[in-house]
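Mind having a look at this structure? Questions to follow.
The values are calculated or read from the model by the stated rules, or taken from the named source; none is laboratory data. The model shown is predicted, which means the values in this text are computed figures rather than measured ones. Every residue, glycine as well, gets a Cβ built from its backbone with ideal geometry; the counts of neighbours run over all protein chains shown. With ligands, DNA and RNA removed, areas are computed over all heavy atoms of the protein, side chains included. Shrake-Rupley method; radii C 1.70, N 1.55, O 1.52, S 1.80 Å.
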Amino acid sequence: MKKFLEKLRNATYKFMYGRNGVDQLSSFLITASLVILIPSVFLNGYVRLVFFVLFWATVIYSYFRILSKNVYKRQKENMWFVNKMNYIKTRISQRKQYRFYNCPKCKTHLRVPRGAGEITITCKKCGYQFDKKAWEIPMKF
């Protein structure tokens, strides 16, 4: 039995050589597919079919990414995903200390400390000035 498992492991290593393998985006897609599958168990009709198709689409795409030999392109996709997730995590962690605005002219993301009241914000990129409110978050008891 031990030799069989060792041969199977070696065959898997040989098969996966030169392929992308599991990365953060593939893991996220597999988890998302399981989250999509749960409501499809409780639904009926066309809605269930839609969830089932979404489930299989995410599973197929994640395994396509895992088994892909175009490693450069898959790494590029994964870096895009990791950067977006870091951006979202940063925004969520800073939402209590800062207000976030987009410049109306150039769409640059700007961060203003909360509690400053009504202020004039100057865009660092284009120099456009606009007025906004940066109130505190109301306390919940």
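Of everything in segment 33-52 that's farther than 28 Å from residue 80 by Cα and among the aromatic types (Phe, Trp, Tyr), which residue is most open to solvent (accessible area, probe 1.4 Å)?
46
I've got another one for you. Is it fair to say residue 40 is more than 20 Å from the chain's Cα centre (by Cα) and either under 30 Å from residue 109 (Cα atoms) or part of a helix (DSSP H, G or I) (or both)?
For residue 40, the condition - more than 20 Å from the chain's Cα centre (by Cα) and either under 30 Å from residue 109 (Cα atoms) or part of a helix (DSSP H, G or I) (or both) - is met.
Determine which member of the set 105, 3 is at pLDDT below 95 and not in a helix (DSSP H, G or I).
Only one candidate qualifies: 105.
In segment 1-32, how many are of a type in the set (D, E, K, R) and either open to solvent by less than 100 Å² (accessible area, probe 1.4 Å) or on the phi > 0 side of the Ramachandran plot (or both)?
Looking only at that region, the number is 3.
Let me ask something else about it. Given the conditions (1) over 30 Å from residue 113 (Cβ atoms); (2) hydrophobic (A, V, I, L, M, F, W, C); (3) within 18 Å of the chain's Cα centre (by Cα); (4) exposed (fewer than 15 other Cβ atoms within 10 Å of the Cβ), which single one is not true for residue 55?
Only one criterion is unmet by residue 55, namely (4).
Filter segment 81-118 down to the residues that are of a type in the set (Val, Ile, Thr), within 27 Å of residue 27 (Cβ to Cβ) and surrounded by 12 or more Cβ atoms within 10 Å (Cβ to Cβ) and list them by number.
82
In segment 125-141, what residues are loosely packed, with under 10 Cβ neighbours inside 10 Å and at pLDDT 85 or above?
131
Between residues in segment 13-27 that are touching a residue at least 24 places away in the same chain (Cβ under 8 Å) and residues that are part of a loop (DSSP other than H, G, I, E, B), which pairs lie under 9 Å by C-beta distance while being six or more apart or on different chains?
Taking only residues 6 or more apart or on different chains, the pairs are 18/69; 19/68; 19/69; 20/68; 20/69; 20/70; 26/20.
Scan segment 69-85 and report the pairs whose first residue is free of Cβ contacts under 8 Å to residues at least 12 places away in the same chain and whose second residue is open to solvent by less than 90 Å² (accessible area, probe 1.4 Å), with Cβ atoms within less than 9 Å and a gap of 6+ or a chain change.
The qualifying pairs are 73/20; 80/25.
Check off (1) surrounded by 11 or more Cβ atoms within 10 Å (Cβ to Cβ); (2) aliphatic (A, V, I, L, M); (3) under 17 Å from the mean Cα position of the chain (by Cα) for residue 71 and give me the number that stays unchecked.
With respect to (1) surrounded by 11 or more Cβ atoms within 10 Å (Cβ to Cβ); (2) aliphatic (A, V, I, L, M); (3) under 17 Å from the mean Cα position of the chain (by Cα), residue 71 is out only on (3).
Pairs, please: C-beta under 8 Å, at least 6 apart or cross-chain, first residue without any contact (Cβ under 8 Å) to a residue 60 or more places away in the chain and in segment 38-67, second part of a helix (DSSP H, G or I) and of a type in the set (Phe, Trp, Tyr)?
These pairs meet every condition: 39/51; 40/51; 40/52; 40/55; 43/51.
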